[in-house]
Amino acid sequence: RPGAAGGKEDEDGPSDGYKAPPKVGLQELMAKDAEDEALRKYKESLLGEAAKGAVVVDPNDKRRVVITELRILFHDRPDGDITYTFNSQQDVLNMKKKPFVLKEKCFY
């Protein structure tokens, strides 16, 4: 079937000559171009706490990331942002008692 540029696509996607870079670990990614201060800050802003290795995982299954906080940032909400922490089962129950609604066309 034709691709975006009129070429053919195989089962793996478009054949436009693009080759994805090899997968690397988070520490290796952060170490690349470490001397470039602007790039380091950009990576940290994208990765947040994960850039510092502060990702919480299930010790029994390293593929499962554990959400410890949910924060919804709003542009102009009178009551400010919405933040839920999940440090205990009680925190989860409290969130269920206090749901939120995102209105259509709100900026978050």
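Give me the one-decimal nm value for the distance between modelled label points at ARG40 and ASP91, 7 Å along each residue's Cα-to-Cβ direction.
For ARG40 paired with ASP91, the spin-label model returns 3.0 nm.
Starting from the residue with the highest accessible area, list TYR42, TYR108 in decreasing order, probe 1.4 Å.
TYR108, TYR42
Using modelled backbone amide H atoms (1.01 Å from N, in-plane), which distant-in-sequence or interchain residues come within less than 5 Å of ILE82's amide H?
Amide H to amide H, under 5 Å and 5 or more residues apart or across chains, ILE82 pairs with ILE72, PHE74.
Residue-wise, which Karplus ³J(HN,Hα) couplings in Hz belong to region 68-73, taking 6.51 cos²θ - 1.76 cosθ + 1.60, θ = phi - 60°, and x for glycine or proline?
Values, residue by residue: 9, 7, 10, 10, 10, 9 Hz.
The values are calculated or read from the model by the stated rules, or taken from the named source; none is laboratory data. Source: prediction; values computed, not measured. With ideal geometry, Cβ positions are generated from the backbone for all residues, glycine too; neighbour counts draw on all protein chains shown. To get the accessible areas, we keep the full protein, side chains included, count just its heavy atoms, and leave off ligands, DNA and RNA. Shrake-Rupley method; radii C 1.70, N 1.55, O 1.52, S 1.80 Å.
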